[in-house]
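Have a look at the structure below, then the notes.
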Amino acid sequence: MAKKVETTDPRWLYVLGISMPLCLSYIPIGLACGILLHAAGFNFVMALLVSIVVFSGGAQFLIASLLMVNAPLASIIIMLFFLELRYALLGSSLSKYLSNETHRFILLFSASMNDENYAINYLKFATDKNWTPQDALMVEHYSLIAWASGNLVGALIGSAVSIDLEIVDFALTALFLYMIVMQVQSNLTFLMALLSAVLSLVFLTWTKSTLGIVLATVLASLCGFYIESRVRKHSADPNHTLLLRKFVRPENTRDTIEDEQAKRELRERQQQKGSKDELGSKQLASHEDDGGHDNA
């Protein structure tokens with residue numbers, strides 16, 4: 001069961017503590033991204049602006065790589081559009097937690113969301129009933145400050161420092177693998193992750209570009225959505241079917257708020273059923289007593 005976190009620290013300090021592992025991990029990767037942007041022709045001002053406006057490590061590395069091979073501007077824009085299209089899917093999963101917020105807040109929230117701070121906020125929303133949209137926005141801003149600072153420093157020292165960019169590729173891959181592990185919570189999501197990996201290899205070979213990854217992700221997501229909707233429609237208890245059954249998770253994240261609500265509803269149904277059975281037993285016993293008296 002999710003544990004309620006008691007703290008006497010100011011809320012901004014508590015949220016900073018939650019965000020700190022992410023912020024610290026952004027510093028070395030942000031430095032590498034800033035150095036790469038400098039190598040692609042960005043000065044430190046442009047590198048800072050790109051890190052704030054785009055705020056996506058994968059997209060910024062893609063921009064630098066395509067510029068270094070003199071790719072057409074139209075190709076860069078199209079690739080970025082499809083690469084960042086995943087945020088529409090990520091944002092939709094957080095929409096139920098932001099339904100009472102203003103359009104201005106949602107615009108600000110969506111503009112500073114990326115993969116990693118989404119993972120933190122989704123986990124906190126699901127396991128901590130005291131987590132608010134304002135806390136989530138602070139996580140995004142803390143991570144944005146760390147990332148932009150890393151990019152700025154990297155662009156400033158880009159002319160004096162050179163790094164092996166293969167290390168950066170490994171670091172980004174490790175971050176995305178971690179995100180996959182955090183999101184795989186049922187047999188269906190595990191199967192869809194495998195399907196997405198296989199489709200990515202197929203489409204990458206076919207398209208010979210990262211557009212194949214986007215196609216694979218969209219197709220696997222649609223397959224997962226279709227399968228889940230069919231199971232929920234035709235199963236009396238979908239959460240306990242083979243496909244939607246959840247994996248055993250660490251103790252501190254075992255029960256989400258939705259899990260607790262489902263358990264409460266199950267207990268209420270069992271209590272109502274027990275009350276009906278008890279009432280029926282009493283009525284049957286009363287009827288038998290009345291029959292015995294009539295026979296007498």
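Some values worked out for this structure:
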item: Criterion (exposed (fewer than 15 other Cβ atoms within 10 Å of the Cβ), within 24 Å of Y14 (Cβ to Cβ) and aromatic (F, W, Y)) met by exactly one of F125, F105; result: F105
item: Unmet requirement for V168, which otherwise passes all of (1) assigned to a helix (DSSP H, G or I); (2) at pLDDT 85 or above; result: (2)
item: The lone exception for V153 - which of (1) β-branched (V, I, T); (2) surrounded by 21 or more Cβ atoms within 10 Å (Cβ to Cβ); (3) at pLDDT 90 or above it fails; result: (2)
item: L62, sole failed condition from (1) part of a helix (DSSP H, G or I); (2) touching a Gly at 6+ places or on another chain (Cβ under 9 Å); result: (2)
item: Matching option when the condition is surrounded by fewer than 16 Cβ atoms within 10 Å (Cβ to Cβ), part of a helix (DSSP H, G or I) and under 15 Å from the mean Cα position of the chain (by Cα), among S75, S93; result: S93
item: Residue match in region 277-289 (condition: modelled with pLDDT of 75 or more, small (G, A, S) and over 23 Å from the mean Cα position of the chain (by Cα)); result: no
item: Top-ranked residue in region 179-206 [being surrounded by 14 or more Cβ atoms within 10 Å (Cβ to Cβ) and hydroxyl-bearing (S, T, Y); ranked as modelled with the lowest pLDDT]; result: S186
item: Residue in region 140-149 that is touching a Leu at 6+ places or on another chain (Cβ under 7 Å), at pLDDT 90 or above, not polar (S, T, N, Q) and not in a loop (DSSP other than H, G, I, E, B) present; result: yes
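The values are calculated or read from the model by the stated rules, or taken from the named source; none is laboratory data. Note that the coordinates shown come from a computational prediction; the quantities given were computed from them, not determined experimentally. Don't worry about glycine lacking a Cβ; one is built from the backbone with ideal geometry, like all the others, and counts go over all protein chains shown.
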